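Please see the structure below; I have some questions.
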Amino acid sequence: MSNRTPVRKSLLRKIAWLGGDRRLVGLSGLISVTLCWIMFNGFGFFYGISIALPALLFLGILWVAREAYKADPWMIDIVLRQFKYRKYYAPKSDLATEHPQVRDFT
């Protein structure tokens, strides 16, 4: 008799909003709504640009987020980790070059 614990796919699956990573979609939605509010107060209701420009910005970022999530659901995490460790893994001109000395590790 086997005492294996089943691994559920629902626990490993990333949460997606509108087909993209939830952090990227949520942040772009917040930025678009804020931009729409600021432009609406500045230009007024008669200028359609105050709604069209933030909507196009949101739809463009949503398309990028969907494509990234479709290619690899963990892609945003990998990019964020790359930004975090960028100074520790500096590019080298060749294999014989020494790594740069970094004092702190935060």
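Collect the residues in the range 11-52 that are in contact with a Cys (Cβ under 8 Å, 6 or more places away or on another chain) and among the aliphatic types (A, V, I, L, M), keeping them in residue-number order. Break it down stepwise before answering.
Looking only at the range 11-52, we keep the residues that are in contact with a Cys (Cβ under 8 Å, 6 or more places away or on another chain), and these are 50-51.
Selection gives Ile51 alone.
Now for a different question. If you take the residues of the range 1-46 that are basic (Lys, Arg) and not in a helix (DSSP H, G or I), which of them is surrounded by the most Cβ atoms within 10 Å (Cβ to Cβ)?
Filtering the range 1-46 for residues basic (Lys, Arg) gives 4, 8-9, 13-14, 22-23.
Within this subset, residues satisfying the condition of being not in a helix (DSSP H, G or I) are 4, 8, 13-14.
Values: Arg4: 5, Arg8: 8, Arg13: 9, Lys14: 12.
Only one residue tops the list, namely Lys14.
So, one more: Could you please let me know if Ala65 is part of a helix (DSSP H, G or I) and either within 30 Å of Gly26 (Cα to Cα) or at pLDDT below 90 (or both)?
Details: part of a helix (DSSP H, G or I): yes; either within 30 Å of Gly26 (Cα to Cα) or at pLDDT below 90 (or both): yes.
The answer is yes for Ala65.
Name the single residue that is nearest to Arg13 (Cα to Cα) among those in the range 47-82 being of a type in the set (Ser, Thr, Tyr) and surrounded by 16 or more Cβ atoms within 10 Å (Cβ to Cβ). Spell out the reasoning first.
So the first thing to find is which residues in the range 47-82 are of a type in the set (Ser, Thr, Tyr), and the list is 47, 50, 69.
With surrounded by 16 or more Cβ atoms within 10 Å (Cβ to Cβ) added as a condition, the list becomes 50, 69.
Values: Ser50: 37, Tyr69: 11 Å.
Going through the qualifying residues, I end up with Tyr69.
The values are calculated or read from the model by the stated rules, or taken from the named source; none is laboratory data. In this text the structure is predicted, and so the values were computed from the model without any measurement. Neighbour counts run over all protein chains shown; Cβ positions are idealised from the backbone, glycine included.
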